[in-house]
Amino acid sequence: ALFLTDRGIDGDGHQGDWGRQVTLLSWESVVRSNQEHHKDMGPGDFAENVTVAGMDALSLQPGDRVRLGDEVVLEVSQVGKPDHPSVVTRTFGISLLPYEGRFCRVIQGGTVRPGDPVVKL
């Protein structure tokens, strides 16, 4: 995916000049939710842009920064969001973004590929 500085992901409906340019969710949260709700959901099924594994994404707070791959830097702008009956909730009966999602601004753009490292800065 191509991340555009202070815009979001190229072609994504959430790109723009606001604090929720990119949504980030922990893979461990997806796995836990699958076990609790007997689902088989994968990366992106909760409408997140980025699914990260092997880091404590739930500890990320507004102002924290994360590097994706070699170039992209995201800054957490918001934890969770108001819960409403989204397409994900209506389709699957569960949603994680209102509670565990991290919403970010793109501080430094670039390209990210599946499997790229993710590091809290």
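The values are calculated or read from the model by the stated rules, or taken from the named source; none is laboratory data. These numbers come from a predicted model, not from an experiment. Neighbour counts run over all protein chains shown; Cβ positions are idealised from the backbone, glycine included. The protein model used for the area step is the full one, side chains on, heavy atoms only, and it has no ligands, DNA or RNA in it. Shrake-Rupley method; radii C 1.70, N 1.55, O 1.52, S 1.80 Å.
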Test: residue in segment 7-18 that is outside any loop (DSSP other than H, G, I, E, B) and out of contact with any Phe, Trp or Tyr (no Cβ under 7 Å at 6 or more places or on another chain)
yes
Filtering segment 41-66 down to residues that are over 9 Å from the mean Cα position of the chain (by Cα) and hydrophobic (A, V, I, L, M, F, W, C), which residue is modelled with the lowest pLDDT?
F46
Can you confirm whether segment 26-36 contains a residue that is under 14 Å from V73 (Cα atoms), aliphatic (A, V, I, L, M), buried (at least 18 other Cβ atoms within 10 Å of the Cβ) and touching a residue at least 60 places away in the same chain (Cβ under 8 Å)?
no
Between residues in segment 71-84 that are surrounded by fewer than 13 Cβ atoms within 10 Å (Cβ to Cβ) and residues that are small (G, A, S), which pairs lie under 8 Å by C-beta distance while being six or more apart or on different chains?
D83/S95
Note down all Cβ pairs under 8 Å where the first residue falls in segment 41-52 and is farther than 17 Å from R113 by Cβ, the second is open to solvent by 40 Å² or more (accessible area, probe 1.4 Å) and not hydroxyl-bearing (S, T, Y), and they're at least six residues apart or on different chains.
M41/F92; D45/F92; A47/V87
Selection over segment 70-121 where residues are at pLDDT below 90, in a loop (DSSP other than H, G, I, E, B) and out of contact with any Asp or Glu (no Cβ under 9 Å at 6 or more places or on another chain) yields a count of 7
